[in-house]
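Comments concern the structure below.
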Amino acid sequence: MTNSCPIPGGMVCASNFHTPKMEATMDVYEAIATRRTIRDFEDKPVEMSIIERVLDAGLKAPTNNHLRQWEFVIINDREERAKVLRVKNMAGRDECDKMLDGFGLTDEVQRNMFHEAMPRQFSMLYNAGCLILPFFKVREPLLHPSSLSSLNDFASIWCCIENILLASASEGIFGVTRIPMAEESEHIKTVIGHPDNYVMPCYIALGYPAKNASKPKQKNIQIREKMHTDKW
């Protein structure tokens, strides 16, 4: 058993868990190809044993300082989620189009992706089978780095998050991430009570896809169009 990590409000910190031996359930290339962003979930919780396995897979990711100074708060209780979430669904298509136009987005596939995502920003987090808040330790303010290497901690946690998503796909579980707005981060700190030198880069919502889960068409990109040899 690892060191305890008390979290208020009946929430659970993953460092309290004993990590079981992992068993591969899918080839890594198959997991990569299978992983999809899902925002519509069955009303079914994700078993804690699976949560432990996918978080343990996250801990296998490379880290810049070799200490893996990451913590994970799991919020399965819906009442607790309601306290944490300060996110709103974007209701109207016109509102969505206005924002996309403001961003200068013209690609049809890209716009369709946002049309799928924006009306589900709250529901995808609230209705997921498991909601995970990952945290990483920072050495200096994330948004004011003194050099590019100062972002190593930020880069490392995203390697961890990708491992979690791929491990989840191998378990037949899918999900979505959302980067919090500044006011969301401030609210989460108040509710969760995490230390000042830890930052939450995103929410991770995981679960079993609903039968009618939306799976919008992705942009078809050929790898050879992205490869350069010796020069750009």
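No value in this document is a laboratory result; all are computed from the given coordinates. This one's a predicted model, so the numbers in the text were calculated from it and none came from an experiment. A quick note on method: Cβ atoms are made from the backbone with ideal geometry, for glycine too, and the neighbour counts reach across all protein chains shown.
Mean Kyte-Doolittle hydropathy of -0.5 or higher plus an axial Cα length of 20 Å or more: which whole DSSP H helices in the chain meet both?
152-170
Averaging the inverse of every distinct alpha carbon separation and then flipping it gives the Kirkwood radius. What is it for the range 128-209, in angstrom units? Before the final figure, lay out each step's value.
Details: mean 1/r = 0.0726 Å⁻¹.
Averaging 1/r across every pair of different Cα atoms and inverting gives 13.8 Å.
If R0 is 25 Å, what FRET efficiency do you get for SER49 and ASP27 from their C-beta distance, rounded to 0.05?
Between SER49 and ASP27 the formula returns 0.70.
Give me the lysines in straight-line cross-link reach of LYS83: C-alpha distance below 18 Å, same-chain residues under 8 apart excluded.
Qualifying lysines at Cα under 18 Å: LYS189.
Could you put ILE32, ILE221, ILE204 in order, starting from the residue whose Cβ has the fewest other Cβ atoms within 10 Å?
Listing ILE32, ILE221, ILE204 from fewest to most nearby Cβ atoms yields ILE221, ILE32, ILE204.
Reachable lysines from LYS231, Cα under 28 Å, same-chain residues fewer than 8 places away excluded?
Correct list for LYS231: LYS219.
Could you give me the ³J(HN,Hα) list for the range 202-213, computed from phi with Karplus coefficients 6.51, -1.76, 1.60 and θ = phi - 60°, whole Hz, x at Gly and Pro?
6, 8, 10, 9, 10, x, 8, x, 5, 4, 9, 4
Straight-line reach from LYS211: which lysines fall under 21 Å, measuring Cα to Cα and dropping same-chain residues less than 8 apart?
Within the straight-line cut-off, LYS211 pairs with LYS44.
Sorted from fewest to most neighbouring beta carbons within 10 Å, what does the list ASP94, ASP77 look like?
On the way: ASP94 8, ASP77 14.
Going from least to most buried by this count: ASP94, ASP77.
Based on the alpha-carbon gyration tensor of the range 31-168 and its eigenvalue square roots a ≥ b ≥ c, which shape applies: rounded if a/c is under 1.5, prolate if not and a/b is larger than b/c, or oblate?
Note, shape of the range 31-168 comes out oblate.
Taking H placed 1.01 Å from N in the peptide plane, check which residues at least 5 places from ALA210 or on another chain put their amide H under 5 Å from its amide H.
ASP40, PHE41, GLU42
If each residue's Cβ is checked for other Cβ atoms within 10 Å, how do TRP70, TRP158, TRP232 rank with the fewest at the top?
With the sparsest Cβ surroundings first, the list reads TRP232, TRP158, TRP70.
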